[in-house]
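What follows draws every value from the coordinates through simple rules; no lab data is involved. Being a predicted model, the structure only gives us computed values, none of them experimental. FYI the Cβ positions are ideal-geometry reconstructions off the backbone, even for glycines, and counts take in every protein chain you see.
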Amino acid sequence: MTAYGKAFAGEVFEALGDSTRRAVFELVAARPSSVGELAAGLPVSRPAVSQHLKVLKEAGLVTDRPEGNRRIYHLDPTGVRALRAYLDRFWDQSLAAFKEAAEHDQKEDS
C-alpha cells in the first residue's frame, strides 16, 4: 500500500466499523444504486444514507456518478484494491507463519 498507508486503513476501518455503513457498502457492492434505492432497503432515512455514503466516499470505498437528476453510487475500485492489498499482507504473513510452524513440526517428528 504505497499511496494508501496507515491513515487510509484507519479511515476505512472506521468507516466500516458502523453496522449501517457496512450494510450500505454491501448493498453498493452488490449493485450500484441511488440514495433512494439504498434507503428503501434499510431502516434509516435518505439523509442518513447520504451521510453514510459521504463517509464511505471520504474513506475511498465508494464513488458516484451523475445519472439524470440523481447520483449513482458504486464501489471505488482503487480503494477496494488498496483495502484488499492491506488485508492480503496479513493473510500472507499468516500463511508464512503456518508454513514455518508445519515445517518445524515435521523436522521434530523426523
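Which of SER45, SER33, SER94 ends up with the largest GNM mean-square fluctuation for the chain, with Cα atoms connected below 10 Å? Evaluated over the chain, the most mobile residue of the options is SER94.
As a proxy for reagent exposure, ASP92, ASP18 were ordered by neighbouring Cβ count within 10 angstrom, fewest first; the result is ASP92, ASP18.
Here are labelled values, [x] 26, 13, 12; [y] 38, 14, 12; [z] 26, 17, 10, and one is the computed semi-axes √(5λ) of the Cα gyration tensor in Å for what I pasted. Which one? Looking at semi-axes √(5λ) of the Cα gyration tensor in Å for this model, the match is [y].
Electrostatic tally near ASP76: other residues with Cβ closer than 12 Å to its Cβ, Lys and Arg +1, Asp and Glu -1, net +1. Exposure proxy shown here: for HIS104, HIS74, HIS52, the number of other Cβ atoms within 10 Å sets the order, fewest to most, as HIS104, HIS74, HIS52.
Charge dipole (Cα centre; +1 on Lys/Arg Cβ, -1 on Asp/Glu Cβ; no other charges) of the chain amounts to roughly 760 debye. Compared with the direct C-alpha span, the chain from HIS104 to LYS57 gains 12.4 nm at full extension, assuming 0.36 nm per residue. In summary, the aspartates and glutamates within cross-link reach of LYS57, defined as a Cα separation below 16 angstrom excluding same-chain residues under 8 places away, comprise GLU11, GLU14, ASP18, GLU26, ASP76.
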